[in-house]
Every structure is written in C-alpha cells, then in structure tokens.
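Written out below as structure tokens is the structure these notes cover.
The values are calculated or read from the model by the stated rules, or taken from the named source; none is laboratory data. None of the values given here were measured: they were computed from a predicted structure. All Cβ positions, glycine included, derive from the backbone under ideal geometry; neighbour counts span all protein chains shown.
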Amino acid sequence: MSTTAMPITEIAPQRSWYKRNEIAVTPWLFLAPGVLFFLFYVIFPIFQSFNLSLYRWDGLGEAQFVGLANYQELSTDRAFETSLWNNLKWLILYLLAIPAGLFIALFLNQTVTGIRLYKSLFFFPFVISQIVVGLVFTWFYDPTFGLLNVMLGWVGLGPINVLGDPTLVTYGIIAAGLWPQTAYCMILYLTGLNAVDPEQIEAGRLDGAKGWKMLWYIIIPQLKPATFIAFVVTIIGALRSFDLISIMTNGGPFGSSRVLSFYMFEKALSEYGFRMGYGAAIAVVLFLIMLFFIAYFLWSMFQEERAR
C-alpha cells in the first residue's frame, strides 16, 4: 500500500496592524507632538477666550454669565473706538514695510563693493529687541535733546513733541515699528531673489524688458510666496502691536495711542482692570479681524494655485 506525501505549505507570519499601515501612520506619529501642543496652547485658548467673553469675572471670584453684554459695552466704549481706529492706522501704514523691504532687497542683491557691510547694517534692526527699538526712538523724538528736533533746528523749525501730541503720537510709534519690520521683509525678499529663475530674466532682456518692466512682469511674479509671507507677518505684527506702545507712551497721552492689544491688557491685567471677560471680548474682536485678513490672503493664494 503506497502513501503519497502531502505538500507542506509555509504559513506567513501574521503582521501587526502597525506594520501593515507603517507608511501611512509613521508621519502622523512624528506630527503628533506638534499637533498636540498646537491644539493645547493655541486652539484651546481661542475657544476659551470666546467662552470667557460671555462672563463677568475679576480673575479670582466666581464668574457671572452675562451673555453678549461685554460686546454691547464695546459698541459704546470710546476708548475701544480709539483703539480700533489706531489699529486701522497701524494696518495701513505698516504695509509700507513690504515695498520698502523689496527695494532694499533689490539694492542688496547687487554685486558692489562693501555689500556685506550694507547687508549687516540693514539686517541689524531685525535682531534687536522691540524694547531697544522703543527706547532708541523715544530718545530720537525727545523734544529737548532728541536728534529729530536737532535736525529740525538746522532748517529753522521749532521743536515737536511727537510722543506728547495726540495727533502725532500714533504715527511716531508706527515709524518706529517700520524700522525692524522693513528689515524682516527685506530678509524675506532676499531669500526669494535667490530663487528667481535667471533664464526668465535673460529671456526678458532679449524681449527688451528692463527697469520697471523687468521688475513688474518678471521678478515680482516670482516673488509671490515671499510677498504672501510678508503680508501675513506684517498684518499680524500691526494688529498685535504692544511692545512699542508700552515702552514709548504706555498708551498716552490721554489714551490716544492705545491699540486693541494694549487696551485688552489694560482692561484684563493692569492694576485698574481685572475685567477678564471684557478683556477676552476685546481679544475676540482682535482675533476675528486678524482671521479675516489671513483667510483672505490664503483664499487668494488658493485661487491662484487652482488657476494654474
């Protein structure tokens, strides 16, 4: 009686769920710490601020739910109106840093003698603290010994107390803020200019483009990513301006240089404030304004990418 041997088949080892999905899961494991920190320290405080703005709370006692009463009070608060208008001035004038940074970057992109020294001088404002910038411009504007009034004296003009004049103080602080912001935009554009395609520039020269036409039709379109970042960072910097105002005027004279971020601090955390709910309502308004502009630029970039 003959027997036939049955073939022996190898059973593949059972792989774990992670091994089967390793390529898809591994990137999320690396992203998880950053995502958790972002959710806990950014997203959660945003929703907490929305919630806190519906309460009246001094930071110590029991919070009292008041609904939209804080927002109704904002609509009749003259100090809030002044702060909002000052933020609008910051927003419009601060954007001057973008074209200024572009033209400085175009100059520094040349190959001339001593260009490294020029780059260092223009880069210097970016690396110093906002506190130092505020102190420097406070001395510059001083009506007794400030360099501004010394130069005005050379042409026969009287001294001007920039930081003591309610009509001039906001513009004086904005000028101080433009100094380091222009340096930051310059760095962004210098980085962008390194990525400009030389073949397109050469093709433009062959077609007769030069000067402003070369800049407008060939160079600037290739700098759109740098321009987008410059716009977003400049708008955020204009809306959250606090350091310079605190150092140079502390909101004065007579509250005429307040902006929303400084007014929020005054209402929520200063010695005369401790109105956490009201301060949170101001923070919510500031956040919504910032969100509107950033969402607009993101949507514009998305539409341009889709059109390609």
Scanning the range 91-109 residue by residue, those within 28 Å of Ile289 (Cα to Cα) and surrounded by 15 or more Cβ atoms within 10 Å (Cβ to Cβ) turn out to be Leu91, Leu93, Tyr94, Leu95, Leu96, Ala97, Ile98, Ala100, Gly101, Leu102
Residues in the range 75-108 that are part of a loop (DSSP other than H, G, I, E, B) and more than 26 Å from the chain's Cα centre (by Cα) total 3
Qualifying residue in the range 223-235 (condition: without any contact (Cβ under 8 Å) to a residue 40 or more places away in the chain, part of a helix (DSSP H, G or I) and either among the basic types (Lys, Arg) or out of contact with any helix residue (DSSP H, G or I) (no Cβ under 9 Å at 6 or more places or on another chain) (or both))
no
So, in the range 206-218, how many residues would count as being of a type outside the set (Lys, Arg), part of a helix (DSSP H, G or I) and more than 19 Å from Ala97 (Cβ to Cβ)?
6
Could you go through the range 273-280 and let me know if any residue there is among the hydroxyl-bearing types (Ser, Thr, Tyr), part of a loop (DSSP other than H, G, I, E, B) and surrounded by 17 or more Cβ atoms within 10 Å (Cβ to Cβ).
no
Flagged in the range 277-299 as under 17 Å from the mean Cα position of the chain (by Cα) and closer than 22 Å to Ala226 by Cβ, in numbering order, are Met290, Phe293, Ile294, Ala295, Tyr296, Phe297, Leu298
Wholly inside the range 110-205, helices (runs of 4 or more DSSP H) that include 1 or more residues that are surrounded by 14 or more Cβ atoms within 10 Å (Cβ to Cβ) and modelled with pLDDT of 90 or more are 130-141, 147-154, 169-193
Filter result for Ala238 (surrounded by 18 or more Cβ atoms within 10 Å (Cβ to Cβ) and part of a helix (DSSP H, G or I)):
yes
Please go through the range 103-135 and give me each residue that is in contact (Cβ under 8 Å) with a residue 24 or more places away in the chain and over 23 Å from Leu188 (Cβ atoms), ordered by number.
Ile131, Gly134, Leu135
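Rundown of residues vs (1) within 30 Å of Met214 (Cα to Cα); (2) not basic (Lys, Arg), yes/no style:
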position: Leu93; (1), (2): yes, yes
position: Leu106; (1), (2): yes, yes
position: Val112; (1), (2): yes, yes
position: Lys119; (1), (2): yes, no
position: Phe126; (1), (2): yes, yes
position: Asn161; (1), (2): no, yes
position: Pro166; (1), (2): no, yes
position: Ala176; (1), (2): no, yes
How about the range 21-74: which of its residues are assigned to a helix (DSSP H, G or I), under 14 Å from Ala281 (Cβ atoms) and either in contact with a His (Cβ under 9 Å, 6 or more places away or on another chain) or among the small types (Gly, Ala, Ser) (or both)?
Ser49, Ala69
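Only residues that are of a type in the set (Asp, Glu) and in a loop (DSSP other than H, G, I, E, B): list them for the range 241-271, please.
Glu271
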